[in-house]
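One structure is given below, encoded as structure tokens.
The values are calculated or read from the model by the stated rules, or taken from the named source; none is laboratory data. All values derive from a computational prediction rather than experimental measurement. Here Cβ is always computed from backbone atoms with ideal geometry, including for glycine, and neighbour counts include all displayed protein chains. What goes into the accessible areas is simple: the full protein's heavy atoms, side chains included, and nothing from ligands, DNA or RNA. Shrake-Rupley method; radii C 1.70, N 1.55, O 1.52, S 1.80 Å.
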Amino acid sequence: MGAMARSPLGLVLLLSLCSATALASYSYVESGEGGRSGSGRPYHFGEESFRHWSRSRQGRFRVLGRFTHELLEDAVGNYRVAELEAAPRAFLQPSHYDADEGVVVLLARGKRESFCVKEGDVLVIPAGAVVYSANTQQNKWFRVVMLLNPVSTKGRFEEFFPIGGESPESFFSVFSDDVLQAAFNTRREEWEQVFEKQSKGEITTASEEQIRELSKSCSRGGRHGGGESIWDIKPSSLTGKKPSHSNNHGRHYEITGDDCPQLRALDIEVGLANISRGSMMAPSYSTHANKVAIVLEGNGYFEMACPHLSSDSGRSSPRRREREHGSSREWGREEEEEGREEQEGGQTKSRGYKQVRSRIREGSVIVIPAGHPVTLVAGDDKNLAVLCFGVNAQHDEKVFLAGSNGLLRQMDEQAKALAFGAEKEKVDRVIGAQSDAVFLRGPSSRRVASE
């Protein structure tokens, strides 16, 4: 019950340093390799799905809409995705839930803890901890990607500022004069001169001297001395670890509950896939974890097989789409053969799947339910970097369906003969042709190589 009482609000990945120019401008063309772009609904979310809570020359804080679709709500409906970008020497006002790159100061359980965090760090921030932060970089912006887990109202969270003015407003301002004067042992007029004079917004600019002073007390290790708690805060480096998979086509890093006890308590894991340009991640699925993936850099597309979408949403298999251009008799006959249905309790259940497909770029968010086969393909001009939060990850395994570690290669010989309905030599040749694992040469690169 102690873990439940101290349930964290935010899981925060402190990611990247980038130039202001890169943040200010980004062009994207819907067409490209892979042909049709598709919408990817309801599993794909683009820039238009975010809402800005704060935006100025010093930075911005934006939050993705709630996962309310019936196919997503049970899996990830209680989680929210947010992103913070801050300019060099930006200072973020104290609030309940934030954690940012540069210097992070955490006020919780009557103590102050200050951290020097760097690119690729992961932090778990307990609910109710007051956090303020600063970007110590002189000429680079930073970005923070967050997975928020509200503890009050499902799928909804708020930011509480103790210090403010008109924007942000201090939550103390709604308390009565009698309460404030008694609580702070001072007159209301004096209290207002201190607590309601901040007029520069939620994100302000600190001087170089102020940045130096803030940096003096920070550390990498969190609290020292005394008994350790599962909620003792310590940054964990994601990209500082040895990749779990690596070859010429990409690298994958991950932090699990074995590396971070806070993640274990939350039943969450964090992964980062960096797919080389023109390459792809082998089709795979997660056995238990529902994934929330955020594109950090680059562009490309994803494809996923979904059994839940109705016939008028998503996209049918390419094989089935090709038939739609043939005669109605041919289409009807093969549709009947492929769409065989079985009776279950008086209801029909289709054995078909729909293709979910969409172009993705920096800022795109994808929800990948457990058990759904999916692949990510990088564009030809730039690597594709995708951050992934896995929810319900305690017993999760990643199952790859193609490549040298593909699941189908492990089948017994007799099982292959029974399942495939093709000659053994042909089956072995097809499922054994790929020599790479996890990261593979992509469709466009394969076409170039075969020409």
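List of remarks:
Here's the yes/no breakdown for (1) modelled with pLDDT under 95; (2) touching a strand residue (DSSP E or B) at 6+ places or on another chain (Cβ under 7 Å):
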| site | (1), (2) |
| --- | --- |
| Ser284 | no, yes |
| His288 | no, no |
| Glu303 | no, yes |
| Pro307 | yes, no |
| Asp312 | yes, no |
| Ser316 | yes, yes |
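- When Lys234, Lys241 are checked against the criterion of being at pLDDT 85 or above, open to solvent by 30 Å² or more (accessible area, probe 1.4 Å) and either closer than 30 Å to Met280 by Cβ or in a loop (DSSP other than H, G, I, E, B) (or both), a single residue qualifies: Lys241.
- Listed conditions (1) within 26 Å of Arg51 (Cα to Cα); (2) of a type in the set (Val, Ile, Thr); (3) part of a loop (DSSP other than H, G, I, E, B); (4) at pLDDT 80 or above are all met by Val144, apart from (3).
- At least 2 residues being modelled with pLDDT under 90 is the threshold, and among the helices (runs of 4 or more DSSP H) wholly inside region 1-102 those reaching it are 2-5, 20-24.
- Only a single criterion out of (1) open to solvent by 40 Å² or more (accessible area, probe 1.4 Å); (2) out of contact with any Lys or Arg (no Cβ under 7 Å at 6 or more places or on another chain); (3) in a helix (DSSP H, G or I) is not satisfied by Trp191, namely (1).
- In a residue-by-residue description of region 383-406, the property of being aliphatic (A, V, I, L, M), without any contact (Cβ under 8 Å) to a residue 40 or more places away in the chain and out of contact with any helix residue (DSSP H, G or I) (no Cβ under 8 Å at 6 or more places or on another chain) applies to no position.
- Of all residues in region 121-176, those being touching a helix residue (DSSP H, G or I) at 6+ places or on another chain (Cβ under 7 Å) and without any contact (Cβ under 8 Å) to a residue 24 or more places away in the chain number 1.
- Restricting attention to region 47-59, the residues being under 13 Å from Ala82 (Cα atoms) and either touching a residue at least 60 places away in the same chain (Cβ under 8 Å) or small (Gly, Ala, Ser) (or both) number 5.
- Hits in region 103-114 - residues which are open to solvent by less than 20 Å² (accessible area, probe 1.4 Å) and either under 21 Å from the mean Cα position of the chain (by Cα) or at pLDDT below 75 (or both): Val103, Val104, Val105, Leu106, Ala108, Glu113
- One residue from Val391, Val374, Val367, Val427 being farther than 16 Å from Lys291 by Cβ and out of contact with any Cys (no Cβ under 9 Å at 6 or more places or on another chain): Val427
- Meets criteria (open to solvent by 70 Å² or more (accessible area, probe 1.4 Å) and in contact with a Ser or Thr (Cβ under 6 Å, 6 or more places away or on another chain)) for Glu397: yes
- When residues of region 194-207 are limited to those that are surrounded by fewer than 16 Cβ atoms within 10 Å (Cβ to Cβ) and in contact (Cβ under 8 Å) with a residue 24 or more places away in the chain, the one farthest from Ser167 (Cα to Cα): Ser207
- Among the residues of region 233-252, those identified as more than 15 Å from Asn383 (Cα to Cα), out of contact with any helix residue (DSSP H, G or I) (no Cβ under 9 Å at 6 or more places or on another chain) and not small (Gly, Ala, Ser) are Pro235, Leu238, Thr239, Lys241, Lys242, Pro243, His245.
- Here the condition is being modelled with pLDDT of 90 or more, basic (Lys, Arg) and surrounded by fewer than 20 Cβ atoms within 10 Å (Cβ to Cβ); of Arg429, Arg361, Arg447, it holds for Arg429 alone.
- Some residue of region 255-271 being within 30 Å of Pro126 (Cα to Cα) and modelled with pLDDT of 95 or more: no
- Scanning region 257-283 for residues that are buried (at least 21 other Cβ atoms within 10 Å of the Cβ) and of a type in the set (Gly, Ala, Ser), we see that the one that is nearest to the chain's Cα centre (by Cα) is Gly271.
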